[in-house]
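Enquirer: Take a look at this one; I'll ask things after.
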Amino acid sequence: RKEVEQDPGPFNVPEGATVAFNCTYSNSASQSFFWYRQDCRKEPKLLMSVYSSGNEDGRFTAQLNRASQYISLLIRDSKLSDSATYLCAVNKGNAGNMLTFGGGTRLMVKP
Amino acid sequence: DAGITQSPRYKITETGRQVTLMCHQTWSHSYMFWYRQDLGHGLRLIYYSAAADITDKGEVPDGYVVSRSKTENFPLTLESATRSQTSVYFCASIGFGQNNEQFFGPGTRLTVL
């Protein structure tokens, strides 16, 4: 089993739709969780950190489920500009500054 | 605020040649990382550095060498490039936020012929 797993997609959704991605992780000692956005041929950019209590930033909501070892990203009112690949990242527990990345989920928002 | 820069942005080289990819950050961040990104493998850690003169191997270090004589620079050298090292290379550093978020440079697209 991979340390961090994501459904590669693509998720094809119409503008205005709500879409959710999950990311599962295997290291129960992990303490830090992140969602990154990556546009084609560009660097990953931090979208948001994921806190135990959940985190909301505008149309984006991230949640953590420690019992089932997954994090989620919810995007409401999808825009064309949300089309990108979304990477989750999880720290390696006792190696706090090292991250393991999932393979990414591709989102395509259609008019 | 230049942030984190990489050079060159694109490089074509031949098998067996030595290649050095540069990474420079203006934030004085302690931790820096080198990743490669390939289809089907995602981002994989090559090497990382906790501070000047402190480096350690990541997941896929074979064929690569790093150094960190100054906090702001973290060059990655391919001692004898192979075709399997054709990839996109990203440098990253950790910010000062409480969650240790990593921030990435723009990447170097390397092709080994």
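Enquirer: To the nearest 0.05, what FRET efficiency results for residue B:39 and residue A:81 with a Förster distance of 22 Å applied to their C-beta separation?
Expert: 0.35
Enquirer: Say a paramagnetic label sat at a point 7 Å from the Cα of residue A:74, along Cα to Cβ; which residues of the stretch A:1-29 have their backbone N under 12 Å from it?
Expert: A:18-21
Enquirer: For chain A, state what percent of all Cα-Cα pairs lands in each successive 10 Å bin, counting from 0 Å until the bin that includes the largest distance.
Expert: 15, 49, 29, 6, 0
Enquirer: Here's another thing I want to ask about it. Give me the Å³ per residue figure for the convex hull around the C-alpha atoms of chain B.
Expert: 94
Enquirer: Let me ask something else about it. Please work out the FRET efficiency for the pair residue A:110 and residue A:45, using the Cβ-Cβ distance as r and a Förster radius of 30 Å; give the result to the nearest 0.05.
Expert: The computed FRET efficiency comes out at 0.85.
Enquirer: Which one of A:21, B:52, B:8 is farthest out on the positive end of the charge dipole of the protein assembly as shown, using unit charges on Cβ (Lys, Arg +1; Asp, Glu -1) and the Cα centre as origin?
Expert: The residue sitting farthest along the positive end of the dipole is B:8.
Enquirer: Here's a follow-up. Give, rounded to the nearest 20 debye, the magnitude of the charge dipole that the protein assembly as shown has about its Cα centre when Lys and Arg contribute +1 at Cβ and Asp and Glu contribute -1 at Cβ.
Expert: 360
Enquirer: A follow-up question, please. Please report, for the Cα atoms of the protein assembly as shown, the Rg to one decimal and the Dmax as a whole number; what are they, in angstrom?
Expert: 17.6, 51
Enquirer: Run the reach check for residue A:110 against aspartates and glutamates, Cα to Cα strictly under 13 Å, same-chain hits fewer than 8 apart removed. What comes back?
Expert: Correct list for residue A:110: A:15, A:77, A:82.
Enquirer: At 4 °C and 1.567 mPa s, what whole-number value in µm²/s does Stokes-Einstein give for the translational diffusion of the stretch A:39-88, with Rh from the Kirkwood sum over Cα pairs?
Expert: Value of D from the Cα-based Kirkwood radius: 107 µm²/s.
Enquirer: Can you give the % of DSSP beta bridges in the protein assembly as shown that are antiparallel, to the nearest 5?
Expert: Counting only bridges with both partners in the protein assembly as shown, antiparallel ones make up about 90 percent.
Enquirer: Given a cut-off of 22 Å, name the pairs among A:2/A:92; A:2/B:57; A:92/B:70; A:42/B:11; A:45/A:79 whose C-alpha atoms lie farther apart than that in the structure shown.
Expert: From A:2/A:92; A:2/B:57; A:92/B:70; A:42/B:11; A:45/A:79, over 22 Å: A:92/B:70.
Enquirer: Something else now. For the stretch B:63-80, take each phi angle, set θ = phi - 60°, evaluate the Karplus expression 6.51 cos²θ - 1.76 cosθ + 1.60, and give the result in whole Hz per residue in order, putting x for glycine and proline.
Expert: Values, residue by residue: x, 10, 9, 10, 8, 8, 7, 10, 4, 7, 10, 9, x, 10, 10, 9, 5, 8 Hz.
Enquirer: While we're looking at this one, here's another question. Given a Förster radius of 30 Å and the C-beta distance between residue A:59 and residue A:7 as r, what FRET efficiency does 1/(1 + (r/R0)^6) yield to the nearest 0.05?
Expert: 0.90
Enquirer: Relative to the Cα centre, what is the charge dipole magnitude of chain A, using +1 at the beta carbon of each Lys and Arg, -1 at the beta carbon of each Asp and Glu, and rounding to the nearest 20 debye?
Expert: Result for chain A is approximately 180 debye, rounded to the nearest 20.
Enquirer: How high is the relative contact order of chain A? Use alpha-carbon pairs under 8 Å, at least six apart in sequence, and give a whole percent.
Expert: After rounding, I find 38 percent.
Rule-based calculations on the coordinates, nothing more; no lab input. Everything numeric in this text was worked out from a predicted model, so none of it was measured. We place every Cβ from the backbone using ideal geometry, glycine too, and count neighbours over all the protein chains shown.
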